[in-house]
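One structure is given here, and the rest of the page talks about it.
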Amino acid sequence: MTNEVDSALDGTGAPTPAPRKNDPETLARQIVEKLTYSVGKTPAEARRYDWLEATTLVIRDRIIDQWMESSQRAKTSGEKRVCYLSMEFLIGRLLRDAINNLNLTEPIREALSRYGVDLDLVELLEPDAALGNGGLGRLAACFMESMASTDIPGFGYGIRYVHGFFRQEIADGAQVELPETWLAHGNPWEFERRELAYEIGFGGKVTTIQEPGRPARQVWRPAERVLAVAYDTPIVGWRGRRVNTLRLWSAQPLDPILLDAFNSGDHIGALVESNKAEAITRILYPADSHQAGQELRLRQEYFFSSASLQDIIRRHLHANENLSNLADKFSIQLNDTHPAVSVAELMRLLIDVHGHEWAEAWEITRNTFSYTNHTLLPEALEHWPIHLFERLLPRQMQIIYAINAGVIREAAQEKGFDDSKIAAISLIDEGNGRRVRMGQLAFVGSHAVNGVSALHTELMKETVFHHLHLLYPDRIENKTNGVTPRRWLMQANPGLTDLVTDAIGPAFLDDIEKIADLDPLADDAAFRERFAAVKRRNKEQLANLIGERMATQVDPGAIFDIQVKRIHEYKRQFLNIIEAIALYDQIRSHPERDWTPRVKIFAGKAAPSYAQAKQIIHLANDVARTINSDPAVRDLLKVVFIPNYNVSLAEIIMPAADLSEQISTAGLEASGTGNMKFAMNGALTIGTLDGANVEMLEHVGEDNIFIFGLTAEEVAQRRREAHSGRSIIAELPLLREALDAISSGVFSPEDPARYHDLVSNLYNNDWWMTCADFQAYWDTQRRLDALWQDQDEWQAKAVHNTARMGWFSSDRSIREYARDIWKAGPDA
Ligand code: 7GP
């Protein structure tokens with residue numbers, strides 16, 4: 001059911017309103033108007049939540065003006081549009097983002113203060129939209145903001161999960177998962193587009209229709225059908241220049257209730273269909289870097305892919321005669337393999353629905369798609385059992401076989417690939433019970449494939465996509481990640497933003513790479529002092545939060561040493577905890593030494609089914625309990641695990657760090673983006689030569705970053721040699737004693753055996769090189785202790801970090817994608 005009627009925001013003949021006034025006077029009046037007529041409260045009755053709603057509506061009006069203008073422009077100019085297909089958008093709160101990008105922060109603050117209302121407190125009530133797990137989802141959100149800010153006509157396409165990423169509580173030290181309900185109070189940012197609904201089929205049969213004198217046609221008759229309904233959220237770029245659309249799909253039944261069943265008394269059965277449809281978009285899978293593997297997940301992937309493609313085709317045919325020139329008008333970026341089924345689905349739509357020949361359809365498809373890989377972890381690479389795929393998507397399965405046949409023919413005929421090489425590139429894994437490899441599908445269906453840091457891209461060529469790279473040597477390229485400086489510097493750290501503006505002027509706000517002008521000020525003692533004072537205030541703010549939420553007092557004068565990210569063995573929070581324990585032992589054994597006070601801060605969620613990761617959380621909390629209650633180390637060492645890490649918490653944490661922990665086993669972290677947020681805000685990094693750390697080293701210079709440990713190559717070598725931790729542990733008393741303490745129950749007296757497995761893994765195989773890197777990590781931490789004693793040196797390095805991180809803006813990433821892959825945007 002493709003609807004021909006375009007919504008007003010698609011830009012048909014929308015009136016261009018007169019520019020709005022943005023003085024506090026006008027804004028205050030408008031907020032009260034919204035309060036009265038939309039919320040139904042007087043200022044005297046209004047609670048803080050009502051002020052949030054009224055303020056949001058006032059801001060929204062301004063965005064809508066610009067939104068219509070941007071959509072109209074994209075449409076009438078015929079410029080190429082970029083569609084970012086992503087299963088996850090970890091957007092966080094939107095109000096502050098919108099107010100900041102419209103340059104309304106001060107006038108809105110002033111307007112609200114006239115009624116005794118504090119903008120900062122109002123903003124805190126907005127739910128944090130957590131439609132993503134971690135790095136991949138947050139990158140998608142930064143990219144949406146940067147596309148709007150760099151004036152690229154971009155559309156985000158994803159899923160409107162009713163329940164986002166779970167809420168984490170810590171009970172007796174262990175992670176507990178609770179449902180997240182971001183839509184409980186409604187969502188003023190979204191616009192439901194009832195008229196934009198597409199049918200999505202599942203299951204059923206494919207029949208061949210042979211009409212006389214015409215080529216055979218395949219017709220898919222799905223057994224089940226659901227509706228995908230669009231919900232649009234405006235994404236405001238810097239200075240409101242462009243407003244793009246994030247379109248999220250919600251699944252709804254074709255028939256809300258089966259009346260026949262109901263009338264015959266089957267009241268539950270009458271709703272089965274409806275529940276099944278709605279289940280598709282009910283909840284986000286809380287697994288990152290791990291393939292979920294259930295049928296519902298494949299349904300989600302196909303559901304949003306098909307809806308997005310149908311929508312793109314509708315938009316295209318609105319202005320073009322047919323789909324032959326689709327790739328000139330649209331670029332579709334596949335954010336990892338979650339939307340990879342799109343390759344087969346676009347082929348189906350082109351051939352079965354729009355009557356294109358196979359060869360032409362394949363050409364259009366490949367020229368339209370490009371694919372980003374975000375991880376090399378084997379357990380994260382998606383592959384679906386053929387029987388499941390075939391049952392759910394029979395026509396797409398046929399198409400995949402046909403694509404595969406073509407690729408294999410090409411490899412054998414043109415490159416002389418032998419059987420083992422063919423097996424490596426095949427879209428079908430003939431090993432583990434026959435599976436469809438989604439990475440291979442995305443790769444062959446795209447004209448460009450990219451990794452997210454220089455190292456990751458090289459490793460892609462050598463490992464997962466080695467043989468496909470031999471077949472298509474020009475296809476893989478690098479696009480190093482970035483983060484939006486609007487959210488991660490300007491909004492999260494207004495103190496630093498003001499200081500930098502004061503020092504070098506406001507030009508860096510429009511072009512973040514100009515922040516390099518700050519670099520010489522690292523030598524200016526007075527500036528360093530002001531820089532340190534900003535950091536100190538941010539640390540006080542975080543210390544208050546820790547005091548309030550966890551009743552733990554931490555000293556803002558200590559090093560704030562922070563590791564926040566998903567909990568995963570390869571990210572090595574365990575290494576960090578072991579170091580804390582070793583330090584604890586040393587402080588107790590040598591109280592007379594001049595120890596540098598430290599607060600080790602952790603936050604992050606573990607996938608509910610990831611037992612080892614949950615153990616690591618438990619251990620961090622157990623260690624925190626023991627150390628924090630030991631008077632022997634009181635002000636020298638504290639360990640804190642802050643529950644429920646999310647975007648809003650990150651905005652408080654990033655500006656408050658002195659030291660950023662980026663200590664993954666080399667070769668495993670594709671890029672990292674937290675590393676960039678921390679360094680931009682003046683934290684020094686302790687890290688391995690992994691992901692984007694490598695490029696950060698190049699930009700900030702080796703004196704300003706603390707690199708340790710094995711390289712990716714050395715890790716691979718050790719793994720080939722079946723390295724284990726046993727001999728290393730025997731030689732390192734510090735490490736051994738820390739591990740003994742863990743396994744003898746020092747931190748878990750109520751359950752001394754709790755961490756046996758965690759520790760015995762280190763002895764028996766040390767897969768993540770925790771033991772192998774321990775000494776280098778310890779030594780580097782002690783160098784940092786010494787450096788902290790020289791505050792001039794430390795702060796100078798911190799200033800260099802802020803000054804030299806401009807390149808890691810997602811504006812730069814997006815411009816590279818636009819120039820090299822999409823051929824879209826103002827410079828195309
Ligand atoms: C992450 C990577 O682990 C991280 O290194 C990178 O910075 C980020 O993507 C953005 O590129 N990957 C995921 O979050 C993920 O879920 C599985 O990967 C597909």
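Before moving on, here are some points about what is shown:
- Flag if Val82 is assigned to a strand (DSSP E or B) and either touching a strand residue (DSSP E or B) at 6+ places or on another chain (Cβ under 9 Å) or at pLDDT 95 or above (or both): yes
- Flag if Arg247 is at positive phi and either out of contact with any Asp or Glu (no Cβ under 6 Å at 6 or more places or on another chain) or touching a residue at least 60 places away in the same chain (Cβ under 8 Å) (or both): no
- Filter result (away from the ligand (no atom under 16 Å from the Cβ) and of a type in the set (Val, Ile, Thr)) within the stretch 84-111: Ile99, Thr105, Ile108
- Residue, farthest from the ligand (Cβ to nearest atom), within the stretch 280-302, restricted to residues that are among the aliphatic types (A, V, I, L, M) and over 21 Å from Gln175 (Cβ atoms): Ile280
- Selection of first residues in the stretch 532-555 that are without any contact (Cβ under 8 Å) to a residue 12 or more places away in the chain and of second residues that are part of a loop (DSSP other than H, G, I, E, B), restricted to Cβ pairs under 9 Å at least 6 apart or on distinct chains, gives the following pairs, ordered by first then second residue: Gly547/Gln553; Gly547/Val554.
- Verdict on Ile408 being of a type in the set (Val, Ile, Thr), out of contact with any Leu (no Cβ under 7 Å at 6 or more places or on another chain) and away from the ligand (no atom under 16 Å from the Cβ): yes
- Filtering the stretch 125-171 to residues that are in a strand (DSSP E or B), at pLDDT 95 or above, more than 16 Å from the ligand (Cβ to nearest atom) and crowded, with 24+ Cβ neighbours inside 10 Å leaves Gly154, Phe155, Tyr157.
- Filter result for Phe706 (touching an Asp or Glu at 6+ places or on another chain (Cβ under 9 Å), among the aromatic types (Phe, Trp, Tyr) and away from the ligand (no atom under 16 Å from the Cβ)): no
- Selection status of Arg314, surrounded by fewer than 21 Cβ atoms within 10 Å (Cβ to Cβ) and farther than 30 Å from Leu668 by Cα: yes
- The one condition from (1) surrounded by fewer than 19 Cβ atoms within 10 Å (Cβ to Cβ); (2) over 20 Å from Trp488 (Cβ atoms); (3) touching a His at 6+ places or on another chain (Cβ under 8 Å) that Ala522 does not meet is (1).
- Residue that is under 24 Å from the mean Cα position of the chain (by Cα), over 23 Å from Leu346 (Cα atoms) and not in a loop (DSSP other than H, G, I, E, B), where the choices are Asn275, Asn244: Asn244
- Of the candidates Ala580, Ala607, Ala611, the single residue that is away from the ligand (no atom under 16 Å from the Cβ) and buried (at least 19 other Cβ atoms within 10 Å of the Cβ) is Ala580.
- Any hit, the stretch 666-681, residues being under 27 Å from Gln775 (Cβ atoms) and in contact with an Asp or Glu (Cβ under 6 Å, 6 or more places away or on another chain): yes
- Any hit, the stretch 238-254, residues being surrounded by fewer than 17 Cβ atoms within 10 Å (Cβ to Cβ) and closer than 29 Å to Leu296 by Cα: yes
- Scanning the stretch 413-435 for residues that are in contact with a His (Cβ under 6 Å, 6 or more places away or on another chain) and surrounded by 22 or more Cβ atoms within 10 Å (Cβ to Cβ) yields a single hit, Ile425.
- Just one of the listed residues (Thr552, Thr596) is in contact with a Phe, Trp or Tyr (Cβ under 6 Å, 6 or more places away or on another chain), more than 16 Å from the ligand (Cβ to nearest atom) and outside any strand (DSSP E or B), namely Thr596.
- If you filter the stretch 625-662 down to residues that are within 16 Å of the ligand (Cβ to nearest atom) and not aliphatic (A, V, I, L, M), you find that the one that is farthest from Asp561 (Cα to Cα) is Asn646.
- Odd one out for Ala279, checked against (1) within 30 Å of Ala670 (Cα to Cα); (2) in contact with a strand residue (DSSP E or B) (Cβ under 9 Å, 6 or more places away or on another chain): (1)
- Looking across the stretch 663-692, the residues that are farther than 20 Å from Gln795 by Cα and within 11 Å of the ligand (Cβ to nearest atom) come down to Ser664, Leu668, Glu669, Ala670, Ser671, Gly672, Thr673, Gly674, Asp690, Gly691, Ala692.
- Evaluated against (1) under 24 Å from Tyr472 (Cα atoms); (2) within 16 Å of the ligand (Cβ to nearest atom); (3) among the hydroxyl-bearing types (Ser, Thr, Tyr), Ser305 falls short on exactly one condition, (1).
- Lone qualifier among Lys479, Lys514, Lys565 - being closer than 30 Å to Gln168 by Cβ and either assigned by TED's automatic domain parsing to the domain that holds Asn367 or of a type in the set (Lys, Arg) (or both): Lys565
The values are calculated or read from the model by the stated rules, or taken from the named source; none is laboratory data. Everything numeric here is computed off the predicted structure, so don't read it as measured data. Please note: Cβ atoms are built from the backbone with ideal geometry, for glycine as well, and neighbour counts cover all protein chains shown.
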